[in-house]
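**Student:** Submitted below is the structure of interest, expressed as structure tokens.
The values are calculated or read from the model by the stated rules, or taken from the named source; none is laboratory data. All of these numbers come straight from a predicted model, not from anything done at the bench. Cβ atoms come from the backbone with ideal geometry, glycine included; neighbour counts cover every protein chain shown.
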Amino acid sequence: MTAAQPPKRQHRQPLQSFWREVSRNRLAYVFLVPAFVMLAFVNLLPMVQGAAMSFQLFNLFRPGNRPFVGLEQYQDLVRDPLFAKAFVNTWYYTLGSVTCQFILGLVAAVLLNQRIRFQGIFRGIVLIPWVVPGSLAAMMFGLLFTSAGLVNSVLNAIGFSQLGIVGPDHAWLSDTRTAMPTIIITNMWKGFPFFAVMFLAAMQTIPADLYEAARIDGASPVRSFFDITLPSIRPTLLITTLLGILWTFNSIDLIYILTSGGPFYATLTLPMWAYQQAFGRGYIGVASALAVIILGLMAVVATVYLIVYRRTVQQQ
Amino acid sequence: MALMDVQSRTRSGSAVAVRPPRLHVSRQHLLTYLLLALLVAVVIVPFLWMLVGSFRPTYEHMQRQGSSLWIENPTTENYVRLFAEYDFARYFLNSTFVALVTAVFATSISAFAGYSLARFRFPGRGLAGFLILTTQMLPSVAIIIPLFLWFKQFMLIDTYWALLIAYNAFAIPFCTWMLRGFFSSIPPELEEAAQVDGASQFGAFLKIVLPLSAPGLLATAIFSFILAWQEFLFAVTFTSRADLRTLTVGIASMRGKDVIDWGLLNAGVVVTTIPLAILFVLVQRYLVQGLTAGAIKG
């Protein structure tokens, strides 16, 4: 791969050969400098500073005075009943959204992978939600689900409101029971194309003769989906789900626009709470502690997931 | 080229595919088309509703006719009001400026980083790739708080700089992975030949690799443009002045506390989304490549 690689030599001294490698690839390091300077100053250093601030009693509106309080803010947070609520909400939101996106994405990928007419057009249409900015998708669905919105008029037209589950003028986002499901539906619409694209790309790498052989052996399309398609794209299924979980867990846009955590904290997630603590009330220290907890949760999820992923890949 | 594999396979696949005979539509096909129609409806109805609503006069909205897909008296008044009552042109300009600068800058920086990861086998290569991938997954709340304080300290709040710095840092990891994929697909023999002819490695990169990957560079630039154009949270946190609002923040600010100006919001969403949709159609296949390469090969 490398341009002009010299023939391999016996390594007499490991350290010396290490430096030889480094100096031979000088340009590689030089090329990485700008990107890493950006990432260090805008991502990594703020992260470290955020961790440091989580041990300080730090109010945005009184920036001069920030005493060190150790783990006090973490203890207060964990004891706060709102923490448990936000924790549960975060997983409700994350797993609900990712499950819906996964299922709809898989269905879409299977459909788009068929030999159909206007394949390109169908693929383009399915990707539309991806280009709509998240905050605007949220506003769109906010209007769809108001009491005078299209959703209610459709539900009323098909007689759903007569079931008595919700009234004919139901304001979906103002009810503690329906607020989170509404946000999840919004997120499903906005996020499923990513899953569909990833799954479709993976499906297209499956050799067609596999399906041909299965068909000759008399396997039904459903059977070959479960026996050929799913096992072949399992690494993609896993990695896409991981990315989906991380992104959804951290995302605030939709909740910020649709409910800002209400009604009665029914849609308050940990990141939304941290954001409100910092920029609504100025409690930088508390918000930083929350951010560290979020980061820890993410690290655990990612680690567990990557172990599962590695095992899956090794099995194949 | 390996890069175009998926796309070219699809294309040749559909070209070779025998079209189903017209009068003999199997049950399976019928089901496929039925489900596809349903899927298209799910995707398109919210957007269509928005599009229709943007041409509906305010009094029709007031009469609760927003709950249908029909307009009695179509009008363009919402679009006119968008530019007359709000500084919508300014929002549009702000978004365009921030997104353009991000596109150019993030793509340039990522081109160097991506080439480094694609061509060299240097000590620390794995670690560098890993670090770039993980920064992409850091929680934005964890970064936005300290970053806000820094920007405040350096008087960058309420300037374009705050947005430009943040957007670039967020676009670079993904762009680097995307470009790494493009560069890997260019045969190294071309650069080797140039070097034999006396060019330096840097010269070979500038004169051979960059021109050859022009489509990839353009796709990456458009991707970072879309990313910056769509962003909301950083923009709403780092700016408070009305003349610095980007489109997403500007439209969010149009939401009244008590009254919803439906027509205006609908028109705003339409105007913001259409440029993105056009760009998206242009780069769709490259984007898919970048996404799958970055996520799976990592």
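**Student:** Looking only at the stretch B:80-89, filter to residues that are in contact with a Gly (Cβ under 9 Å, 6 or more places away or on another chain) and over 22 Å from B:Thr159 (Cα atoms); which one of those is surrounded by the most Cβ atoms within 10 Å (Cβ to Cβ)? If you could, list the steps in order and put the result at the bottom.
**Tutor:** Initially, the stretch B:80-89 is screened for residues in contact with a Gly (Cβ under 9 Å, 6 or more places away or on another chain), giving B:81-82, B:86-88.
Right, trim to over 22 Å from B:Thr159 (Cα atoms) and you get B:81-82.
Details: B:Arg81: 16, B:Leu82: 27.
So the residue we want is B:Leu82.
**Student:** In addition: Going residue by residue through the stretch B:234-244, is there one that turns out to be within 15 Å of the chain's Cα centre (by Cα) and either of a type in the set (Val, Ile, Thr) or crowded, with 18+ Cβ neighbours inside 10 Å (or both)? Before the answer, list the steps.
**Tutor:** Pass one, the stretch B:234-244, residues within 15 Å of the chain's Cα centre (by Cα): none.
No, there is no match, as no residue in the stretch B:234-244 is within 15 Å of the chain's Cα centre (by Cα) and either of a type in the set (Val, Ile, Thr) or crowded, with 18+ Cβ neighbours inside 10 Å (or both).
**Student:** Can you pull out every residue in the stretch B:104-123 that is small (Gly, Ala, Ser) and either facing chain A (nearest Cβ under 7 Å) or in contact with a strand residue (DSSP E or B) (Cβ under 8 Å, 6 or more places away or on another chain) (or both)?
**Tutor:** Within the stretch B:104-123, the subset small (Gly, Ala, Ser) is B:106, B:108, B:110-111, B:113-114, B:116, B:118.
Correct list: B:Ser110, B:Ala113, B:Ser116.
**Student:** Contact list please: Cβ distance under 9 Å, first residue in the stretch A:114-126 and under 14 Å from B:Phe280 (Cα atoms) and facing chain B (nearest Cβ under 7 Å), second residue among the hydrophobic types (A, V, I, L, M, F, W, C) and exposed (fewer than 13 other Cβ atoms within 10 Å of the Cβ), pairs at least six apart or on different chains.
**Tutor:** Between residues of the stretch A:114-126 that are under 14 Å from B:Phe280 (Cα atoms) and facing chain B (nearest Cβ under 7 Å) and residues that are among the hydrophobic types (A, V, I, L, M, F, W, C) and exposed (fewer than 13 other Cβ atoms within 10 Å of the Cβ), the close pairs are A:Gly124/B:Val281.
**Student:** Starting from residues that are closer than 29 Å to B:Gln284 by Cβ and outside any loop (DSSP other than H, G, I, E, B), keep the ones in the stretch B:132-159 and report whichever is farthest from the other protein chains (Cβ to nearest Cβ).
**Tutor:** Step by step, filter the stretch B:132-159, then rank; the result is B:Leu133.
**Student:** Return the residue satisfying two criteria in turn: it lies in the stretch B:160-190 and is closer than 28 Å to A:Gly244 by Cβ and either surrounded by fewer than 20 Cβ atoms within 10 Å (Cβ to Cβ) or of a type in the set (S, T, N, Q) (or both), and of such residues it is farthest from the other protein chains (Cβ to nearest Cβ).
**Tutor:** Looking only at the stretch B:160-190, we keep the residues that are closer than 28 Å to A:Gly244 by Cβ, and these are B:163, B:165-185.
If we keep only those that are either surrounded by fewer than 20 Cβ atoms within 10 Å (Cβ to Cβ) or of a type in the set (S, T, N, Q) (or both) as well, we get B:168, B:176, B:184-185.
Numbers: B:Asn168: 6, B:Thr176: 6, B:Ser184: 8, B:Ser185: 12 Å.
Ranking the candidates gives B:Ser185 first.
**Student:** Those residues that are free of Cβ contacts under 8 Å to residues at least 24 places away in the same chain and either of a type in the set (D, E, K, R) or assigned to a loop (DSSP other than H, G, I, E, B) (or both), I need them from the stretch A:145-176; list them, please. Steps first, please.
**Tutor:** The initial filter retains those residues of the stretch A:145-176 that are free of Cβ contacts under 8 Å to residues at least 24 places away in the same chain, namely A:148-170.
Answer for the stretch A:145-176, where residues must be free of Cβ contacts under 8 Å to residues at least 24 places away in the same chain and either of a type in the set (D, E, K, R) or assigned to a loop (DSSP other than H, G, I, E, B) (or both): A:Ala148, A:Gly149, A:Ile158, A:Gly159, A:Gly164, A:Ile165, A:Val166, A:Gly167, A:Pro168, A:Asp169, A:His170.
**Student:** A further question on this structure: Restricting attention to the stretch A:148-161, which residues are surrounded by fewer than 16 Cβ atoms within 10 Å (Cβ to Cβ) and either closer than 17 Å to B:Leu265 by Cα or among the polar types (S, T, N, Q) (or both)?
**Tutor:** none
**Student:** Also, I was wondering about something else. At pLDDT 90 or above and out of contact with any helix residue (DSSP H, G or I) (no Cβ under 9 Å at 6 or more places or on another chain): which single residue out of B:Leu31, B:Leu38, B:Leu48 fits that description? It would help to see each step written out before you state the result.
**Tutor:** Values: B:Leu31 fails: at pLDDT 90 or above; B:Leu48 fails: at pLDDT 90 or above.
Within the list B:Leu31, B:Leu38, B:Leu48, the selection yields B:Leu38.
**Student:** Here's another thing I want to ask about it. Taking the condition within 24 Å of the chain's Cα centre (by Cα) and either of a type outside the set (Ser, Thr, Tyr) or closer than 20 Å to B:Ala242 by Cβ (or both), does B:Ala84 pass? It would help to see each step written out before you state the result.
**Tutor:** On the way: within 24 Å of the chain's Cα centre (by Cα): no; either of a type outside the set (Ser, Thr, Tyr) or closer than 20 Å to B:Ala242 by Cβ (or both): yes.
Taking the combined requirement at face value, the residue does not satisfy it.
**Student:** Oh, and also: Hey, can you tell me all the residues within the stretch A:37-73 that are buried (at least 20 other Cβ atoms within 10 Å of the Cβ), among the polar types (S, T, N, Q) and touching a residue at least 40 places away in the same chain (Cβ under 8 Å)?
**Tutor:** The answer is A:Ser54, A:Gln73.
**Student:** Which condition number does A:Gln101 fail, the rest of (1) at the interface with chain B (Cβ under 10 Å from one of its Cβ atoms); (2) closer than 25 Å to A:Arg234 by Cβ being met?
**Tutor:** Unmet for A:Gln101, out of (1) at the interface with chain B (Cβ under 10 Å from one of its Cβ atoms); (2) closer than 25 Å to A:Arg234 by Cβ: (1).
**Student:** In the list A:Trp172, A:Trp189, which residue meets the criterion of being within 8 Å of another protein chain (Cβ to nearest Cβ) and closer than 30 Å to B:Met62 by Cβ?
**Tutor:** A:Trp189
**Student:** Starting from residues that are more than 7 Å from every other protein chain (Cβ to nearest Cβ) and modelled with pLDDT under 90, keep the ones in the stretch A:23-36 and report whichever is surrounded by the most Cβ atoms within 10 Å (Cβ to Cβ).
**Tutor:** A:Arg24
**Student:** When you scan the stretch A:68-101, how many residues do you find that are out of contact with any Ser or Thr (no Cβ under 6 Å at 6 or more places or on another chain), of a type outside the set (A, V, I, L, M) and assigned to a helix (DSSP H, G or I)?
**Tutor:** So the answer is 16.
So that you can scan it fast, the table gives a plain yes or no per residue for (1) part of a helix (DSSP H, G or I); (2) touching a Phe, Trp or Tyr at 6+ places or on another chain (Cβ under 9 Å); (3) surrounded by 20 or more Cβ atoms within 10 Å (Cβ to Cβ):
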site	(1), (2), (3)
B:Tyr91	yes, no, yes
B:Thr96	yes, yes, no
B:Ala103	yes, yes, yes
B:Ser110	yes, yes, yes
B:Ser116	yes, yes, yes
B:Leu127	yes, no, no
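**Student:** Could I ask something else about it? Which one is farthest from the other protein chains (Cβ to nearest Cβ) among residues in the stretch B:61-77 that are touching a helix residue (DSSP H, G or I) at 6+ places or on another chain (Cβ under 8 Å) and among the charged types (D, E, K, R)?
**Tutor:** Residues of the stretch B:61-77 that are touching a helix residue (DSSP H, G or I) at 6+ places or on another chain (Cβ under 8 Å), as a first pass: B:61, B:66-73, B:77.
Now restrict to residues that are among the charged types (D, E, K, R): B:72, B:77.
Details: B:Glu72: 16, B:Glu77: 18 Å.
Among them, the one singled out is B:Glu77.
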